[in-house]
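In what follows, a single structure is set out as structure tokens and then discussed.
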Amino acid sequence: MAVIADAPPRRDLSAALDRLPVSADAKALLHDLAKVTFTIGRQVLAIGRKIVAFALSLAKTFPNTIFGIILGVVVTMLVGSIPLVGALLASMVGPLLLAFGITMGAINDMRSGAIGACVAELQDALRGLPRTV
């Protein structure tokens, strides 16, 4: 719960969302998502702000992987729009296209060093945990 409680301030998140190169409708949806909160006991958790901040951080840290995911989904949608056989082809080829896009994006991100630094950070964090068999 402490991870969710440290959501960024709404003003900072709003400024970051306003700088995004997306349509006004997409920005409005992201602003609405950032306003979502949950009340647990007497504590209010800004889960929406945390989700939006995580998505922005992910897009900034792994831009090639995100681009690969988007490209895989778009090509799958194009394949799915083929008359008669599109739905069948999309269901077979879609996961392969998505996996290919993720893989190629991750390889390019690894070359840039973004994923390598995160994996090293995760390894350091996991070293302190007790081992169970």
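The values are calculated or read from the model by the stated rules, or taken from the named source; none is laboratory data. Every value quoted in this text rests on a predicted model; they were computed, and no experiment measured them. In this analysis, Cβ positions are derived from the backbone assuming ideal geometry, glycine residues included, and neighbour counts consider all displayed protein chains.
Among the residues of the range 6-26, which ones are outside any helix (DSSP H, G or I), of a type in the set (A, V, I, L, M, F, W, C) and farther than 27 Å from Gly105 by Cα?
Ala7 - this is the single residue of the range 6-26 that is outside any helix (DSSP H, G or I), of a type in the set (A, V, I, L, M, F, W, C) and farther than 27 Å from Gly105 by Cα.
What residue, among those in the range 59-86 that are surrounded by 14 or more Cβ atoms within 10 Å (Cβ to Cβ) and among the small types (Gly, Ala, Ser), is nearest to Cys118 (Cα to Cα)?
Gly68
Kindly evaluate Val3 against the criterion of being among the aliphatic types (A, V, I, L, M), modelled with pLDDT under 85, outside any strand (DSSP E or B) and under 19 Å from the mean Cα position of the chain (by Cα).
Spelling it out, Val3 is indeed among the aliphatic types (A, V, I, L, M), modelled with pLDDT under 85, outside any strand (DSSP E or B) and under 19 Å from the mean Cα position of the chain (by Cα).
Has the range 85-98 got any residue that is under 26 Å from Pro63 (Cα atoms), of a type outside the set (A, V, I, L, M) and not in a helix (DSSP H, G or I)?
No: zero hits.
What number of residues in the range 87-133 are among the small types (Gly, Ala, Ser) and crowded, with 16+ Cβ neighbours inside 10 Å?
6
Results for (1) in a helix (DSSP H, G or I); (2) under 19 Å from Leu20 (Cβ atoms); (3) modelled with pLDDT of 90 or more, shown as yes or no for each residue.
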site	(1), (2), (3)
Val75	yes, no, yes
Ile82	no, no, yes
Ile102	yes, no, yes
Ala106	yes, no, no
Ala120	yes, no, no
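Residue by residue through the range 27-47, note down the ones that are part of a helix (DSSP H, G or I) and at pLDDT below 90.
Selection gives Ile47 alone.
Please specify each residue of the range 46-58 satisfying the condition of being within 11 Å of the chain's Cα centre (by Cα) and surrounded by 14 or more Cβ atoms within 10 Å (Cβ to Cβ).
If the condition is that a residue be within 11 Å of the chain's Cα centre (by Cα) and surrounded by 14 or more Cβ atoms within 10 Å (Cβ to Cβ), then Ile51, Val52, Ala53, Leu56 are the ones that fit.
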